[in-house]
Amino acid sequence: MKILFLDQSGKPGGAELCLIDIAKPYRDRCLVGLFIDGPFRHFLEQQHIPVQILGTQSLQVRKSSSLLEGLGSVRQLVPMIAQVAKTAREYNLIYANTQKALVVGALASFISRRPLVYHLHDILSVDHFSQTNRRLAVTLANRFASLVIANSKASQAAFIEAGGHPDITEVVYNGFEPELYDTPESNNPSLLRQELGLEEQFVVGNFSRLSPWKGQHVLIEALTHCPSDVTAIFIGDALFGEQDYVKQLHERVKALGLEERVQFLGFRSNIAQLMAVCDLVAHTSTRPEPFGRVIVEAMLCGRPIVATQSGGAIELVEPGINGFLIPPDAPQELAQVIINCRDQPQHTATIAHHARNTASQRFHLININQQITQLLCQVVETNKKVLVR
Ligand code: UDP
Ligand code: GLC
């Protein structure tokens, strides 16, 4: 089976990192078409996955776009749709990994008569998207997609709630290679802890792009309710132009006098090593998280995880069994979990150990990729029958 993957982003967000894992087994018979160049291309190239840049400019449709703004970008879309439709004739299937990829992929699929699969990495709710964007995504998926792979039950439910056809959806969680999170370096964090000046500290790590809804501010506020040996490290960058938020975070740290207890380390690729220096990983999204790769990654690293009780996180974390849950935007509750973990290391380690064991089975990439391959084969087979008729 030959697959044409489409993704609108040049940056390595969670949806893009997930795509790398899905495309890897197909690297000798797939192409990833990106709408814009950027570091994500290098990530794909490092894995020897063929990649082609389809456009020279990012499409100007934002999550909050109105219908008029959306239509304004149609002129940009037409040449790209033509290019994708032509390329798609060499492939058995178009796999759209993002919303703008769905727009292009849907029309290209219609022209090229290749089936379309849409990997839904978003919660299509009013919290995240304008009504126009929700309608557009659902209408295109209903009309053109043979299959919508939702990254969680929460994403699937929001799709159906927004008018999506239930019978075209399947839930497939992100897959991971547990070995990558259990390395000699990640099992011996003392050197890195020393380099970062974190000895004698209780370290809380936040691993997310810097963005208001990822809630880094919640962890900063929580520190004010914690003993002074509790330190936070933030790993991640503003990937989608949230520079004002970054400035606000730095100002808040200064205003609260927390400069000695907070470090912003920027985007890093050695996630397992950095998680290993943490005594607790805090996922702080203030809006429902569609899946939350970092939650599973913390589990695979054997680090205790506290996550926000909404969206996909609820499917991943069983409180008191494999992690902890707090309400969204609740610094005091977060502080309480931090203090409990600090004061009860034995109990916390047992929970983290259990989480590691269960997550390495439940989210193993081999199983997840098998599920995806099976679903894609069904789509291609069904499409063959339709074309023959
Ligand atoms: N990540 C990374 N480097 C960073 C920060 C994050 O590689 O500096 C990775 C992180 O390990 C995770 C992904 O980016 O795999 C983020 O995915 P998630 O689903 O947690 O959130 P998203 O940003 O996609 O909404
Ligand atoms: C998106 C979502 C995130 C999810 C990732 C992979 O980036 O925001 O929650 O984990 O896709 O599916």
ALA157 passes all but one of (1) open to solvent by less than 40 Å² (accessible area, probe 1.4 Å); (2) free of Cβ contacts under 8 Å to residues at least 12 places away in the same chain; which number fails? (1)
Give the number of residues within segment 211-231 that are in a helix (DSSP H, G or I) and away from ligand 1 (no atom under 16 Å from the Cβ). 5
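Could you say which residue among PHE324, PHE267 is aromatic (Phe, Trp, Tyr), within 16 Å of ligand 2 (Cβ to nearest atom) and either open to solvent by 10 Å² or more (accessible area, probe 1.4 Å) or under 26 Å from GLN156 (Cβ atoms) (or both)?
PHE267
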In segment 160-179, which residue that is touching a Ser or Thr at 6+ places or on another chain (Cβ under 9 Å) and aliphatic (A, V, I, L, M) is most open to solvent (accessible area, probe 1.4 Å)? ILE160
Residue check, ILE314 part of a helix (DSSP H, G or I), within 16 Å of ligand 1 (Cβ to nearest atom), of a type in the set (A, V, I, L, M, F, W, C) and open to solvent by less than 40 Å² (accessible area, probe 1.4 Å): no
All-but-one check, ASN206 against (1) within 20 Å of PRO304 (Cβ to Cβ); (2) within 16 Å of ligand 1 (Cβ to nearest atom); (3) surrounded by fewer than 18 Cβ atoms within 10 Å (Cβ to Cβ), failing number (3)
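A quick yes/no check of all residues on (1) of a type outside the set (Gly, Ala, Ser); (2) at pLDDT below 95:
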site: THR224; (1), (2): yes, no
site: VAL230; (1), (2): yes, no
site: ILE233; (1), (2): yes, no
site: GLN243; (1), (2): yes, yes
site: VAL253; (1), (2): yes, no
site: GLY257; (1), (2): no, no
Looking at (1) in a helix (DSSP H, G or I); (2) open to solvent by 40 Å² or more (accessible area, probe 1.4 Å), can you tell me which one GLY197 breaks? (1)
Go through segment 4-50 and give me each residue that's of a type in the set (Lys, Arg) and closer than 20 Å to LYS214 by Cβ. LYS11
Of the residues in segment 232-264 that are part of a loop (DSSP other than H, G, I, E, B) and free of Cβ contacts under 8 Å to residues at least 12 places away in the same chain, the one that is farthest from ALA298 (Cα to Cα) is GLY257
Out of all the residues in segment 343-366, is one or more in a helix (DSSP H, G or I) and in contact with a Ser or Thr (Cβ under 8 Å, 6 or more places away or on another chain)? no
Scanning segment 1-25 residue by residue, the ones that are away from ligand 2 (no atom under 15 Å from the Cβ) and open to solvent by 10 Å² or more (accessible area, probe 1.4 Å) total 4
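Does at least one position in segment 109-117 carry a residue that is among the aliphatic types (A, V, I, L, M) and under 27 Å from GLY292 (Cβ atoms)?
Yes, because at least one residue in segment 109-117 is among the aliphatic types (A, V, I, L, M) and under 27 Å from GLY292 (Cβ atoms).
Rundown of residues vs (1) touching a residue at least 40 places away in the same chain (Cβ under 8 Å); (2) touching a His at 6+ places or on another chain (Cβ under 8 Å), yes/no style:
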residue	(1), (2)
ILE94	yes, no
THR98	yes, yes
VAL104	yes, no
HIS128	yes, no
ARG134	no, no
SER146	yes, no
Among the residues of segment 317-355, count how many are under 19 Å from MET299 (Cα atoms), charged (D, E, K, R) and free of Cβ contacts under 8 Å to residues at least 60 places away in the same chain. 1
Output yes when any residue across segment 238-252 is buried (at least 18 other Cβ atoms within 10 Å of the Cβ), more than 11 Å from ligand 1 (Cβ to nearest atom) and acidic (Asp, Glu), and no when none is. yes
Checking the conditions here, which among ALA272, ALA298, ALA276, ALA307 is of a type in the set (A, V, I, L, M, F, W, C), more than 11 Å from ligand 1 (Cβ to nearest atom) and either open to solvent by less than 30 Å² (accessible area, probe 1.4 Å) or free of Cβ contacts under 8 Å to residues at least 40 places away in the same chain (or both)? ALA276
Look through SER73, SER58, SER66 and report the one residue that is away from ligand 2 (no atom under 14 Å from the Cβ), at pLDDT below 95 and open to solvent by less than 10 Å² (accessible area, probe 1.4 Å). SER73
Go over the candidates ARG287, ARG252, ARG303, ARG356 one by one and state the one that is farther than 26 Å from PRO212 by Cβ and not β-branched (Val, Ile, Thr). ARG356
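The values are calculated or read from the model by the stated rules, or taken from the named source; none is laboratory data. Predicted model, so just to flag it, every value in this text is computed and none were measured. Cβ sites come from the backbone with ideal geometry, for glycine too, and all protein chains shown count toward neighbours. Ligands, DNA and RNA are stripped out before the accessible areas are found, and what is left, the full protein with its side chains, is counted by its heavy atoms. Shrake-Rupley method; radii C 1.70, N 1.55, O 1.52, S 1.80 Å.
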